[in-house]
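Asker: One structure, pasted below without further comment.
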Amino acid sequence: MLRTLLLFLLCLLLPVPQGALAASSGKTPVQAETSLPLNRTTFHFFSPEDIAANYKASKIIRVGYFDQHGVFEGEGEHLSGYAVALLTAISRYTGWEYKWVKIRFDELAQRLDDGTIDLSCGISFTPERSRLYSFSKLRAGYENTCLHVSSMSDMHYMDLEAFNGMRIGFFTDSLQYDVMKRFAAQNGFSFESFFFEESNEMA
């Protein structure tokens with residue numbers, strides 16, 4: 001509905017060629033226009049770049065990031081990952097500039113609370129965490145929990161007997177630890193847990 005309204009407004013803003021008016025009246029046009037100059041601002045509501053350019057001052061957003069494979073990887077100018085790409089795309093609409101602040105996952109709540117960072121990304125929603133963090137109304141993505149083993153391992157997919165007694169590394173305070181505990185209880189095996197602050201160390 002909104003797109004239809006915007007297209008209608010766009011049509012009202014576009015100049016009508018003189019030839020078109022003459023043709024509708026049955027008269028021969030004196031001079032046909034070969035080109036129609038279009039004002040760039042006519043299309044501003046379609047262009048995120050123009051929206052950002054109209055902001056008088058950029059807003060600096062401090063983003064707390066921590067080592068998380070595929071979400072936040074690297075540091076400084078070499079920082080990459082899903083969250084970096086997502087926030088960069090959002091900045092095209094908001095005009096935000098980011099200051100990337102390296103933190104530990106276990107201090108995220110405190111850093112948000114004391115105002116040293118403004119937001120973060122890649123945090124799985126749970127009812128318990130919703131009491132600590134303000135989550136966005138729209139999902140930033142979906143998450144799957146996987147077991148990764150060495151290329152030399154003889155462990156296979158859903159080999160539940162082989163899973164019994166295995167040693168698994170988790171991020172400190174990660175949701176995956178609770179997921180794995182439930183999965184083990186449902187399938188009758190146990191495991192030994194090791195906790196890490198960074199994915200590189202765990203890998």
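All of the numbers you see were taken from the coordinates with simple rules; none came from a lab. Please read these numbers as outputs of a predicted model, since none were measured by experiment. Every residue, glycine as well, gets a Cβ built from its backbone with ideal geometry; the counts of neighbours run over all protein chains shown.
Asker: Could you tell me which residue out of 179, 162, 196 lies farthest along the dipole of region 160-202 toward its positive end? Charges go on the beta carbon: Lys and Arg +1, Asp and Glu -1, centred on the Cα centre.
Answerer: 162
Asker: Would you compute, for the Cα atoms of region 126-203, the largest minus smallest coordinate along each principal axis and list the three values in descending order, in whole Å?
Answerer: Rounded to whole Å, the extents work out to 42, 30, 20 Å.
Asker: Only Lys, Arg, Asp and Glu count, each charged at its Cβ (+1, +1, -1, -1), so figure out the dipole size of region 60-131 about its Cα centre, rounded to 20 debye.
Answerer: 200 debye
Asker: Mind ranking 163-171, 189-197 by how tightly packed they are, going by the mean number of other C-beta atoms within 10 angstrom, highest first?
Answerer: The packing order, highest mean first, is 163-171, 189-197.
Asker: As a test of the definition: which semi-axes, in Å, follow for region 160-202 when you take the square root of five times each eigenvalue of its alpha carbon gyration tensor? Largest first, please.
Answerer: The three semi-axes for region 160-202 are 20, 12, 6 Å.
Asker: Take the alpha-carbon positions of region 60-131, form their convex hull, and give its projected area averaged over all directions (one quarter of the hull surface) in nm².
Answerer: Approximately 5.0 nm², given one-decimal rounding.
Asker: Hey, another quick one. Amide H to amide H, which residues 5 or more places from residue 101 or on other chains are under 5 Å from it, using H placed in the peptide plane?
Answerer: Under 5 Å from the amide H of residue 101 lie the amide H atoms of 63, 64, 65, each far enough along the sequence or on another chain.
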